[in-house]
Amino acid sequence: MSWGGCKGVAHFRVGDILNLDDICFDEFDIIITSRCLINLTSIQDQLKAIKNIYLALKPNGIYLMMENFIEPLQNLNNARSRYNLEPIEIRWHNLYINQEQFLDQISNLFNVVKIDNFASTYYLISRTLNAILNLKDNKVDYNSTLNELAAKLPSLGDFSPEKLIVLKKV
């Protein structure tokens, strides 16, 4: 995907995603969030944040959304259960997103350009194989050679809760 090269000067703004009153509407070409929506306390707040992002983007603006999703975590936990590993729980302060419902709810605001589950293979290997190999010690080494190798493999399947979704303002 080409963004047409770098033109002009990049400007960065930091604000409250739920209260963008001080930000001009139709101001940004690209908005990037990383694990932002999952730290909001309700689905309603997540949807409000998305609407604010939509309003802050220029026409045809791009939203790069790096968030965590429920479905791949379920897939990962299903794989872990085959080896009698405990499920990985969502932390109390996170509200993972149901991808299918979420994309349906924002379909009038954004078109999906790309869904990149870039860490799927890594998660599957690091959270299952690595855990199995370390069952006796009950301590997983996330800096292990196995994890380094897993990070270099192509992404296959849907096992990483964290994904990049590229959305284009309708």
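The GNM of the chain, with springs linking C-alpha atoms under 10 angstrom apart, assigns the highest mean-square fluctuation among ASN117, ASN78, ASN134 to ASN134. Couplings 3J(HN,Hα) for region 104-119, derived from phi with the Karplus relation 6.51 cos²θ - 1.76 cosθ + 1.60 (θ = phi - 60°), are 5, 5, 9, 5, 7, 9, 9, 9, 7, 8, 7, 10, 10, 8, 4, 10 Hz, where x marks Gly and Pro.
On a 26 Å Cα-Cα criterion, which of the cross-link pairs LYS58/LYS114; LYS114/LYS139; LYS51/LYS152; LYS48/LYS152; LYS58/LYS152 come out too long?
Numbers: LYS58/LYS114 19 Å; LYS114/LYS139 36 Å; LYS51/LYS152 36 Å; LYS48/LYS152 37 Å; LYS58/LYS152 36 Å.
In this structure, LYS114/LYS139; LYS51/LYS152; LYS48/LYS152; LYS58/LYS152 lie more than 26 Å apart at Cα.
Calculated mean residue ellipticity at 222 nm for the chain: -8000 deg cm²/dmol, from DSSP H runs with n ≥ 4 weighted as -39500 (n - 2.57), summed, divided by the residue count and rounded to 500. Between 0 and 90 degrees, the angle of helix 43-56 with respect to the longest Cα principal axis of the chain falls at about 50 degrees.
Counting only protein heavy atoms and a 1.4 Å probe, region 69-131 has 59 square angstrom of accessible area per residue. Taking 7 Å steps out from each Cα toward its Cβ at VAL14 and LEU133 produces label points 3.8 nm apart.
Counting only protein heavy atoms and using a 1.4 Å probe, what share of the accessible area of the chain belongs to carbon plus sulfur, as a whole percent? It would help to have the intermediate numbers written out before the result.
Working: 5740 of 10790 Å².
That fraction is 53 percent.
Quarter the surface of the alpha carbon convex hull of region 109-170 and you get the mean projected area, 4.9 square nanometres.
Give me Rg over Rh for region 1-90, both radii from the alpha carbons and Rh done the Kirkwood way, two decimal places. Don't skip to the answer; put the middle values down first.
On the way: Rg = 17.4 Å, Rh = 15.6 Å.
My calculation of the ratio gives 1.12.
The alpha carbons of region 64-115 stretch over 42, 23, 17 Å along the principal axes, in descending order.
Please report the projected area of region 18-170's Cα convex hull averaged over all directions, in nm². Orientation-averaged projected area of the Cα hull: 10.0 nm².
The values are calculated or read from the model by the stated rules, or taken from the named source; none is laboratory data. Please read these numbers as outputs of a predicted model, since none were measured by experiment. Reconstructed Cβ throughout: ideal geometry from the backbone, glycine too, with neighbour counts over all protein chains shown. What goes into the accessible areas is simple: the full protein's heavy atoms, side chains included, and nothing from ligands, DNA or RNA. Shrake-Rupley method; radii C 1.70, N 1.55, O 1.52, S 1.80 Å.
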